[in-house]
Amino acid sequence: MRKRRELKLLSKTTFIYLIFTFLAFVLSGIFLTHEANQFINKDLDQYFARVEHRIKWALEHGRDLDRLPSNIQVIALSQPVVLSAYPQYGDTLTYNPGLDDMQRARKRVIVFREGDRYYRTVMTKPVEDYFRFRDDIFRTVLPAFIMLAVGIVGFNYLLSGYFFRPFNKILDLMKSYKVGQDTEVKTVDTTTREFNKMQDLFHQMIHRIEHDYRHLKEYTENMAHELRTPLAVIRNKTENLISDDTVMTRQSSAVKIIYDEINHLSRLGNTLNLITKIENGEFDNPVWVTTRPVIEKHVEAISELAELKSLSVETDLSEEHRLLIEPYLLDIVLKNLLRNAVSYGTAEGPVRIITGESRLIISNYGPPMGIPGEKLFERFYRNNNSRGSLGLGLSLVKKICDVSRLTIDYRYEDDQHIFRIQPSATS
Amino acid sequence: MKLLIVEDNKRLVQDMERFLKESGYVVETALTFERANDKIYLYQYDLIIIDLGLPDGDGMDLIQTIKDQGHDTGILILTAKDALDDKVLGLDLGADDYMTKPFHNAELNARIRSILRRHKFNRSNTLEIDALKVDLLAAQAFVDEQLLDLTKKEFDLLLYFMQNPNRVLTKESIAEHLWGDHIDQADNFDFIYNHIKNLRKKITDAGGKNYIQAKYGMGYKFSTHE
């Protein structure tokens, strides 16, 4: 589908207004021209009628017709003509010696019969001035319209900035608003009713959102609190059972299952809680972090596990590579990705961490997973044989990347699982 | 050593009380803010464990009260809230350590010991069980005065065992203690086994007994009687 072009509201109204104005100008031009034509014809007809009347009178009374003006010629015809074919009209060009120019003129030819004689009279009347006057209508209407159009467009251009300033300010406030920050949203002072309506609505919405958000947050916090204490009780009781030989000799497998599930549950609770916090934007103080020392710290922490699995960890870290991210979140991202790389890595080749050109790449060797790349970041989507995993690690990483305006992608290439993190393309 | 547990969950309190008494402490408990406040005014404790979320008050206020008393009392915050702000605030007010629920009893014990050691600096910096002796300040361990060549992790592991003798320490608890939350996958517990194997070998090579026994595939127990 073709994308429809977006226009500013003011441009739209101006455009439509100009179309209507243009039509109005053209119609009034046509009307005026028509009126002018009628006036000209009427005037000429009157003139010709007057002249005709006088010639007729002169002929009837046998007066001399020699002293007629040059634009009127009376010729006696030798043969009779059909009278009904006359009068004849027509526009013609006549030479005006005063102006040394050809000028438009109206010509009227009539034939009188006086007794048995026929007189043909040709009358011409210069109409150049009339026509000029008539044509001036359009010649003035069009420039007037163009001036008006330019004026309106320019005016709008200048005024839209002024009139729409409160609107843009309100938009900026909306843009910068973040849930749960407890800051008073400023009111933009404006006398435009629509803007005030919008602003009121915005404030009402914020109020509602804040209210709901607070409740949800309290609920989540309470939930976490209420769950943790019983979990602590269960876990401690189970640990007591584990220390009790009489119980363990008979029920060790049951106790073990209970204990494993408690641990799973408590990790699950912690991680979901963390994801919720990230979604709520509670970690929203990104700073520019030089990644090299941070990555080195994490590599150091994971090296023990890598050693145990006989994996080597290779790094190629740029001094300059930096990310705009909350440091705590970067820790979580690195911890999860490195742990995955080392846990699933095989000894075919090293786990590699490469930074540079604003990219961070973590790769490890291993057989293909049989999970589509995009599913990998979904919650609770996990490999069947990764028993102890929560299935939340990568979705946590994805969530963090999202809130930090970073893009993470995954590909499988040359027997390697490759994760790449880079700043999101700003659209 | 006299401890006070301030915590509103009765079962958890009973459990902690029993556990800590077994570890050789004198333990008192307070289930409410009011009760805790009274006790803090009336008696003197070496260490107080405070739950922040009490039904009738904020545990944070208790920290201030304890500090006002002027005794050298250790404070361990124990909370279900996992908020970074709370942690920072608590430590700023003068708490010594911060633990989130759910916790391992052995970990609680280790933390309590470490706080007490810091507060009662001059009393005991060594821990002795049977032929084993650990010098906490120098971070050295001996079997019959013979110095063991331990890595940092092995030393921490041995200390953790000796702080919780004759108790089964689960793999989860050991992993959390040694690596923080870095290791939380079941298949990574292999290298706890590795560390324990090395530690055992170093102790027996120096003439010590095989103190550390595997228990039901769930954990290990430091025991003086084989």
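Between A:Lys297 and A:Val153, the modelled labels are 6.0 nm apart [label points 7 Å from Cα along Cα→Cβ]. Under 5 Å between amide hydrogens, built in the peptide plane, is the criterion, and for B:Arg167 it picks out B:Phe222 among residues at least 5 positions away or on other chains. Among the GluC sites (Glu not before Pro) in the range B:102-174, those placed in a DSSP loop whose Cβ has at most 15 other Cβ atoms within 10 Å are B:Glu145.
Could you tally up the Lys pairs in the range A:287-423 with alpha carbons closer than 19 Å? Skip any pair fewer than 8 positions apart unless they're on separate chains.
Pairs that pass both the separation and distance tests number 6.
Were the residues from A:Asp409 through A:Tyr17 laid out at 0.36 nm apart, the gain over their Cα-Cα distance would be 136.1 nm.
Given axes a ≥ b ≥ c from the Cα gyration tensor, I'd like to know whether the range A:274-427 is rounded (a/c under 1.5), prolate (a/b larger than b/c) or oblate. Because a/c hits 1.5 or more and a/b fails to exceed b/c, the range A:274-427 counts as oblate. Shown in residue order for the range A:216-224 are the 3J(HN,Hα) couplings computed by the Karplus curve 6.51 cos²θ - 1.76 cosθ + 1.60 at θ = phi - 60°: 4, 5, 4, 4, 4, 5, 4, 4, 4 Hz (x for Gly and Pro). Computing FRET efficiency as 1/(1 + (r/R0)^6) for A:Tyr177 and A:Phe138, where r is the C-beta to C-beta distance and R0 is 41 Å, gives about 0.15. The phi torsions of the range A:89-105, fed into the Karplus equation with coefficients 6.51, -1.76 and 1.60 and a -60° offset, translate into couplings of 10, x, 9, 9, 10, 10, 8, 10, x, x, 9, 6, 8, 7, 10, 6, 9 Hz, rounded to whole numbers, with Gly and Pro shown as x. For the range B:89-173, run through the chymotrypsin sites (Phe, Trp or Tyr not before Pro) and keep only the ones in DSSP coil with at most 16 other Cβ atoms within 10 Å of their Cβ. Listed in order of number, the matching sites are B:Phe121. In the range A:74-189 the Cα-Cα distances spread across 10 Å bins starting at 0 as 11, 18, 14, 12, 9, 8, 8, 8, 7, 4, 2, 0 percent of all pairs.
Applying 0.36 nm per residue to the separation of A:Ser253 and A:Val81 and subtracting their alpha-carbon distance, the gain on full extension is 48.3 nm. With the gyration tensor restricted to C-alpha atoms of chain A, the semi-axes of the equivalent ellipsoid amount to 101, 27, 19 Å, longest first. Compared with the dominant principal axis of the Cα atoms in chain A, helix A:393-403 is inclined by about 40°.
Can you tell me the length gained on complete extension of the stretch A:Ile209 to A:Asn41, counting 0.36 nm per residue apart and subtracting the Cα distance?
Working: separation 168, 0.36 × 168 = 60.48 nm, distance 7.60 nm.
Once the chain is fully extended between A:Ile209 and A:Asn41, it gains 52.9 nm.
The trypsin sites (Lys or Arg not before Pro) found in the range B:124-226 that occupy coil by DSSP, while having at most 16 further C-beta atoms within 10 Å, are B:Lys209. Annotation for A:Val109 and B:Tyr193: the two label points, set 7 Å from Cα along the Cα-Cβ direction, are 12.7 nm apart. Helix A:291-308 and the long axis of chain A differ in direction by around 40°, with both axes built from C-alpha atoms.
Relative to the longest principal axis of the Cα atoms of chain B, the long axis of helix B:84-93 makes an angle of roughly 80 degrees.
Do the alpha carbons of any pairs in B:Lys21/B:Lys221; A:Lys256/B:Lys21; B:Lys10/B:Lys120; B:Lys152/B:Lys221 sit beyond 24 Å of each other, and which pairs?
On the way: B:Lys21/B:Lys221 19 Å; A:Lys256/B:Lys21 26 Å; B:Lys10/B:Lys120 30 Å; B:Lys152/B:Lys221 20 Å.
In this structure, A:Lys256/B:Lys21; B:Lys10/B:Lys120 lie more than 24 Å apart at Cα.
Note on A:Asp260, A:Asp409, A:Asp100, A:Asp189: ascending count of other Cβ atoms within 10 Å places them as A:Asp100, A:Asp189, A:Asp409, A:Asp260, the fewest first. How many angstrom lie between the C-alpha centres of the range B:196-226 and the range A:402-427? Between the Cα centre of the range B:196-226 and that of the range A:402-427, the gap is 46 Å. In straight-distance terms, cross-link reach from B:Lys215 covers every one of the aspartates and glutamates whose alpha-carbon lies under 14 Å from its own, apart from those fewer than eight places away in the same chain; here that gives A:Glu239, A:Asp244, A:Asp245, B:Glu172, B:Glu226.
Run through every distinct alpha carbon pair of the range A:194-279 and return the Kirkwood hydrodynamic radius in angstroms, one decimal place. Write out the running numbers ahead of the final one.
On the way: mean 1/r = 0.0616 Å⁻¹.
Averaging 1/r across every pair of different Cα atoms and inverting gives 16.2 Å.
Readers should treat all values here as calculations from the given coordinates under stated rules, not as data from a laboratory. What you are looking at is a predicted structure, and each value in this text was computed from that prediction instead of being measured. So basically every Cβ, Gly included, is an ideal-geometry build from the backbone, and we count neighbours across all protein chains shown.
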